[in-house]
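My structure is below; once you've seen it, I'll send some questions.
The values are calculated or read from the model by the stated rules, or taken from the named source; none is laboratory data. None of these values were measured; they are calculated from a predicted model. Cβ: placed from backbone, ideal geometry, glycine included. Neighbour counts: every protein chain shown.
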Amino acid sequence: MKFVLAALNAKYVHSNLAVYDIEAYTRVNWHKKYGNDESLLLSIKEYTINHNLDLIMQSLYKENATLIAFSCYIWNISEVLIIAKELKKVSPSLLIWLGGPEVSYNSKELLLDNKFIDGIIVGEGEATFFDLVSKYTGNDIELSDIPGITYRNLCGEVLCNQPRALLSMDEIPFIYDDLDSFENKILYYETSRGCPFSCSYCLSSIDKSVRFRNLSLVKKELSFFLDSKVKQVKFIDRTFNCDRQRARQIWQYLCDNDNGITNFHFEISADLIEQEDLDIFKRMRPGLIQLEIGLQTTNTRSIQEIRRIMDIDKLKSNMLAINEMGNIHQHLDLIAGLPYEDYNSFVESFNAAYAMKPNQLQLGFLKVLKGSYMEEQVKEYGLIYRDEQPYEVLATKWISYEEILVLKNIEEMVEVYYNSDQFQHTVAYMEGFFDTPFELYKNLADFYEKKTVKGIGYKREARYELLREFFKEHVGDDLLIFDSLLIFDYYLRENAKNRPSWSGCEPIDKNVYNDFFKNGGNDELSLVKEGYDSKVASRCMHIEPIAGKASFWIDGNNRESTCYVVFDYEKRNPLSRDAGYTIISHL
């Protein structure tokens, strides 16, 4: 008897924590109950939704499994159903089970509509899958005795068993003892399940209970990550700091035991942050942690309607305080399409979010998830949304599809010109020519609509040229400061081989350029003090002239005449990956 846990991830760098948890739990408990775990033939097969589906089907077929259990999410359910249906045709005796959030709230309907599915694990899968393995290996248990499943009996009837009691977090084995399987993958880590809040669009709101992994166990496992010097660990706790004191202890532990390499990602409620947390954050290495923060909207009526509890003023104050520290990346989420949020209201939410100065501003669109309270209110809110995943809203009583399309275009502009962090100084300068940030991105989106072809992936250089053309069209032909900032942003990210034709100032004479490095710099910048000899410096540095007045938008100093930026690509900002730089008045 052979069992396979199958996962179709969204990207190659992702791993599916659920199937690894289930596999580890099954092995540990098999050994406890039946002794010899060598007799347990259980494996994990991971793919991505970008893989050829025929090749995935062939791979799974060749496993010659007794049972394949697919991990189902909003991003892979269509592919899973296609593969499972075809597998059943060529292997009629193969048992096909599904599990995961995408199939837990309509399990009976799924079984009735898809005759090739033998059963569905409803809710958490660790203990339930272990019982299934026990049943199909001939041990003394029947499907009717297994809580947390919906299944088809021998007569073809679809039956729903009672829910399974929730598992203690401490019973879930740590899966990362061997890191070889996760090379070049993001490591996901879970210290709690559930959420105390009741946001109507979120499945976590259905179960109000929160379970935590023992703190001493968490610290031991964090120590493993730190000792192993992994690149990144992403906590998947729904609201990591819902228990403020516990979150603080973990942040303090990471601060005290920092290895100088590992980054830890948290999803938090920023309004729950207190001064003690800020004091810990101040002492952290740049890049030790990053924070994902859900704002969603600033419309108080919408906040009330989606059952969200949030102190917006406190959230903003904390975000600005963290931003001032300069050592923590902050990602802020907005959702378009919420109840009682019309187009003008969303504009206000956007401008308010922008003023909080996140490193990334994610403009998302409401998804009507199966089993959520939002799904129950579809008629009340006039929600029109896609029938297929990701069940994204197309229109509501308050916002039209045409307005949603406008926001879609603005989302693209924010991704390209704000979230990429490749135009930060230029965009900051441009903001002064528009009444609001939203107006800037709206005009930019309209410009793209006229000048570009949708669906084409424009190269980096083209994005700069398009932004320059937009500025000329909307502001005017006085491009001296603009071009200087644009070339500064251009070289801030990488030492480009070819200097763009639109560079603001005349290029530096080649002999003067080379002499600067041969002489070890000048009285304003000593390359020796920077730790370089002339040959090394010329390879890892670049010098670019800019208009003196443009420097105000870079370091706050307003210089009258042409100055020079010396970029150092060996000394990058750990958050933005921008090159280090020094502005000097002469070469």
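Considering each of His51, His31 in turn, give the residue that is in the same structural domain as Gly123 (by TED's automatic domain parsing), under 15 Å from Trp75 (Cβ atoms) and not acidic (Asp, Glu).
Going through His51, His31 in turn, just one is in the same structural domain as Gly123 (by TED's automatic domain parsing), under 15 Å from Trp75 (Cβ atoms) and not acidic (Asp, Glu): His51.
On to the next question. Collect the residues in region 201-246 that are of a type in the set (A, V, I, L, M, F, W, C), under 21 Å from Ser168 (Cα atoms) and under 22 Å from the mean Cα position of the chain (by Cα), keeping them in residue-number order. Give the steps one after another, and end with the answer.
Within region 201-246, the subset of a type in the set (A, V, I, L, M, F, W, C) is 202-203, 206, 210, 212, 215, 217-218, 222, 224-226, 230, 233, 235-236, 240, 242.
Subsequent filtering for residues that are under 21 Å from Ser168 (Cα atoms) retains 203, 206, 210, 212, 215, 217-218, 222, 235-236, 240, 242.
Those that are of a type in the set (A, V, I, L, M, F, W, C), under 21 Å from Ser168 (Cα atoms) and under 22 Å from the mean Cα position of the chain (by Cα): Leu203, Leu222, Phe235, Ile236, Phe240, Cys242.
Within region 495-508, identify whether any single residue is among the aliphatic types (A, V, I, L, M) and in contact (Cβ under 8 Å) with a residue 60 or more places away in the chain, and answer yes or no. Show your work before the answer.
So in region 495-508, the residues among the aliphatic types (A, V, I, L, M) come out as 496, 508.
With in contact (Cβ under 8 Å) with a residue 60 or more places away in the chain added as a condition, the list becomes 508.
Yes: region 495-508 contains one or more residues that are among the aliphatic types (A, V, I, L, M) and in contact (Cβ under 8 Å) with a residue 60 or more places away in the chain.
Given the residues Lys535, Lys510, Lys529, Lys571, which is the only one that is under 30 Å from Phe264 (Cβ atoms) and outside the structural domain of Ile261 (by TED's automatic domain parsing)? So that I can check it myself, show each step before the final result.
Numbers: Lys535 fails: under 30 Å from Phe264 (Cβ atoms); Lys510 fails: under 30 Å from Phe264 (Cβ atoms); Lys529 fails: under 30 Å from Phe264 (Cβ atoms).
That would be Lys571, the only listed residue that is under 30 Å from Phe264 (Cβ atoms) and outside the structural domain of Ile261 (by TED's automatic domain parsing).
Now, a different point. Inside region 455-499, can you point out the residues that are in contact with a Leu (Cβ under 8 Å, 6 or more places away or on another chain) and surrounded by 16 or more Cβ atoms within 10 Å (Cβ to Cβ)?
Scanning region 455-499 gives Tyr464, Leu467, Arg468, Phe470, Phe471, Leu486.
Given the condition modelled with pLDDT under 95 and either surrounded by fewer than 19 Cβ atoms within 10 Å (Cβ to Cβ) or touching a Phe, Trp or Tyr at 6+ places or on another chain (Cβ under 9 Å) (or both), answer yes or no: does some residue in region 389-402 qualify? Explain how you work it out, then say what you get.
First, pick out the residues of region 389-402 that are modelled with pLDDT under 95: 389-390.
Now narrow it down to the ones that are either surrounded by fewer than 19 Cβ atoms within 10 Å (Cβ to Cβ) or touching a Phe, Trp or Tyr at 6+ places or on another chain (Cβ under 9 Å) (or both): 389-390.
For region 389-402, residues modelled with pLDDT under 95 and either surrounded by fewer than 19 Cβ atoms within 10 Å (Cβ to Cβ) or touching a Phe, Trp or Tyr at 6+ places or on another chain (Cβ under 9 Å) (or both): present.
Being farther than 30 Å from Lys231 by Cβ and surrounded by 14 or more Cβ atoms within 10 Å (Cβ to Cβ) narrows it down to one residue among Gly138, Gly148; which is it?
Gly148
From the list Asn327, Asn359, which one is buried (at least 16 other Cβ atoms within 10 Å of the Cβ), under 20 Å from the mean Cα position of the chain (by Cα) and under 19 Å from Ser269 (Cβ atoms)?
Among Asn327, Asn359, only Asn359 is buried (at least 16 other Cβ atoms within 10 Å of the Cβ), under 20 Å from the mean Cα position of the chain (by Cα) and under 19 Å from Ser269 (Cβ atoms).
Go through region 154-182 and give me each residue that's surrounded by 12 or more Cβ atoms within 10 Å (Cβ to Cβ) and over 32 Å from the mean Cα position of the chain (by Cα).
Val158, Leu159, Cys160, Asn161
What about Thr452, is it surrounded by fewer than 18 Cβ atoms within 10 Å (Cβ to Cβ), without any contact (Cβ under 8 Å) to a residue 24 or more places away in the chain and either under 25 Å from Phe365 (Cβ atoms) or of a type in the set (Lys, Arg) (or both)?
For Thr452, the condition - surrounded by fewer than 18 Cβ atoms within 10 Å (Cβ to Cβ), without any contact (Cβ under 8 Å) to a residue 24 or more places away in the chain and either under 25 Å from Phe365 (Cβ atoms) or of a type in the set (Lys, Arg) (or both) - is met.
Exactly one of these conditions fails for Leu334: (1) without any contact (Cβ under 8 Å) to a residue 60 or more places away in the chain; (2) under 27 Å from Val416 (Cα atoms); (3) in contact with a Lys or Arg (Cβ under 9 Å, 6 or more places away or on another chain). Give me its number.
If we test Leu334 against (1) without any contact (Cβ under 8 Å) to a residue 60 or more places away in the chain; (2) under 27 Å from Val416 (Cα atoms); (3) in contact with a Lys or Arg (Cβ under 9 Å, 6 or more places away or on another chain), just (3) comes out false.
Considering region 77-98 alone, what residues qualify as being touching a residue at least 12 places away in the same chain (Cβ under 8 Å), surrounded by fewer than 17 Cβ atoms within 10 Å (Cβ to Cβ) and closer than 20 Å to Val158 by Cβ?
Lys85
Any idea which of Glu530, Glu473, Glu461 is of a type outside the set (Ser, Thr, Tyr), more than 17 Å from Glu544 (Cβ to Cβ) and assigned to a helix (DSSP H, G or I)? Steps first, please.
On the way: Glu530 fails: assigned to a helix (DSSP H, G or I); Glu461 fails: more than 17 Å from Glu544 (Cβ to Cβ).
None of the other options fit; the residue is Glu473.
Still on this structure: Where in region 1-76 are the strands (runs of 3 or more DSSP E), entirely inside, with at least 2 residues that are surrounded by fewer than 19 Cβ atoms within 10 Å (Cβ to Cβ)?
Working: elements: 2-9, 41-48, 67-71.
Here the list reads 41-48.
Let me ask you something else. For region 414-425, give me each residue that is surrounded by fewer than 20 Cβ atoms within 10 Å (Cβ to Cβ) and either without any contact (Cβ under 8 Å) to a residue 60 or more places away in the chain or touching a strand residue (DSSP E or B) at 6+ places or on another chain (Cβ under 9 Å) (or both).
Within region 414-425, Glu415, Val416, Asn419, Ser420, Asp421 qualify.
Another question, if that's okay. Name the residues in region 398-437 that are among the aromatic types (Phe, Trp, Tyr) and within 15 Å of His474 (Cα to Cα), would you?
Step one: of region 398-437, the residues among the aromatic types (Phe, Trp, Tyr) are 398, 401, 417-418, 423, 429, 433-434.
Scanning region 398-437 gives Tyr429, Phe433, Phe434.
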